[in-house]
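The values are calculated or read from the model by the stated rules, or taken from the named source; none is laboratory data. All figures in this text were calculated on a predicted structure; none of them were measured in a lab. Here the Cβ positions follow ideal geometry from the backbone for every residue, glycine too, while neighbour counts run over all protein chains shown.
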Amino acid sequence: MNIPYTLGPSVGTRARLGMIVLQSDETLEYDLRRIIPAQDVAVFITRVRSAPTVSTETLAQMERDLPQAASLLPPVEFDAVGYGCTSGTSVIGAGRVDALIRASVHTQHTTNPMTALIAACAHLGVSRLSFLSPYVEQVSEHLRSCLNAQGIQTDNFANFNEESEAAVARIDTQSVIDAAIALHDRHPQQAIFMSCTNLQTLDAIAEIERHCRVPVLSSNLCLAWHLMVQAGVKPLQTIPSLLLSKPA
């Protein structure tokens with residue numbers, strides 16, 4: 001027996017967001033679901049092949065696999081699609097990342113943590129950052145030079161000097177808080193940025209802001225915020241941050 005049916009719209013009537021998450025990333029997808037409202041906002045995830053250790057060479061290799069990863073997102077019209085790698089964007093290039101995504105996905109906008117951070121700094125009027133990275137200094141050099149080219153100084157820099165993605169994903173919240181506060185206290189800047197989508201930063205932001213009294217930004221916070229700005233969606237207000245407390 002054939003039963004008749006009717007077709008309705010796909011999920012995500014307010015917005016459809018896509019995200020390309022690294023194979024080795026354990027944090028970004030979890031954070032996105034804490035920041036982006038669930039009601040009628042669809043978040044579709046795909047994964048791109050990535051190495052268990054981070055270097056400029058392994059980051060550059062993702063350029064080859066990005067189109068296939070993007071093509072595995074569902075065939076819908078997206079409001080915005082993000083690529084979830086801060087240092088990878090600086091190595092591949094934000095313009096190239098945009099082109100690779102658009103070649104495989106129908107989307108009005110694209111973003112990535114580097115582009116999102118630049119947009120957040122413009123939104124807040126910030127040009128000087130204290131910069132905390134989990135990786136070896138060489139990995140952050142590309143990103144810092146890209147930010148400098150955009151007029152964002154990152155001379156106050158510190159890192160955990162870790163190459164393993166699995167270890168980065170397990171650096172605990174207190175370690176992040178202590179490092180960010182020590183970095184800021186050494187040479188205070190207009191804001192603090194904690195780089196890497198795999199670093200667990202979301203639960204550290206409120207405590208760092210209470211101590212330092214400046215905006216505290218992270219790769220995941222900026223990326224989620226920029227996706228929602230592009231899609232015209234307001235973030236959940238339960239996430240404490242000077243960035244999210246300001247109107248987009």
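Only a single item in (1) surrounded by 17 or more Cβ atoms within 10 Å (Cβ to Cβ); (2) farther than 27 Å from Ala191 by Cβ is not met by Pro75, and it is number (1). When you check Asp98 against the structure, is it of a type in the set (Asp, Glu) and in contact (Cβ under 8 Å) with a residue 24 or more places away in the chain, yes or no? Taking the combined requirement at face value, the residue does not satisfy it.
For every residue, the table says whether it meets (1) under 16 Å from Ser127 (Cβ atoms); (2) at pLDDT 95 or above; (3) buried (at least 20 other Cβ atoms within 10 Å of the Cβ).
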| position | (1), (2), (3) |
| --- | --- |
| Ala158 | no, yes, no |
| Asn161 | no, no, no |
| Val176 | no, yes, yes |
| Ala180 | no, yes, yes |
| Leu183 | no, yes, yes |
| Gln200 | no, yes, yes |
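Give me the residue from region 43-68 that is modelled with pLDDT under 95, outside any helix (DSSP H, G or I) and not basic (Lys, Arg) and, out of that set, surrounded by the fewest Cβ atoms within 10 Å (Cβ to Cβ). The extreme case among them is Pro52. Would you point out the residue of region 187-203, among those that are out of contact with any strand residue (DSSP E or B) (no Cβ under 6 Å at 6 or more places or on another chain) and touching a residue at least 40 places away in the same chain (Cβ under 8 Å), that is farthest from Val21 (Cα to Cα)? Residue satisfying both the conditions and the ranking: Pro188. Looking across Ser71, Ser50, one residue alone is of a type in the set (Ser, Thr, Tyr) and farther than 29 Å from Gln138 by Cβ. It is Ser71. Among the residues of region 217-248, write down those that are at pLDDT 90 or above and of a type in the set (Gly, Ala, Ser). Selection gives Ser218, Ser219, Ala224, Ala231, Gly232.
Selection within region 148-185: residues that are among the small types (Gly, Ala, Ser) and in a strand (DSSP E or B). The member of this set that is farthest from Arg128 (Cα to Cα) is Ser164.
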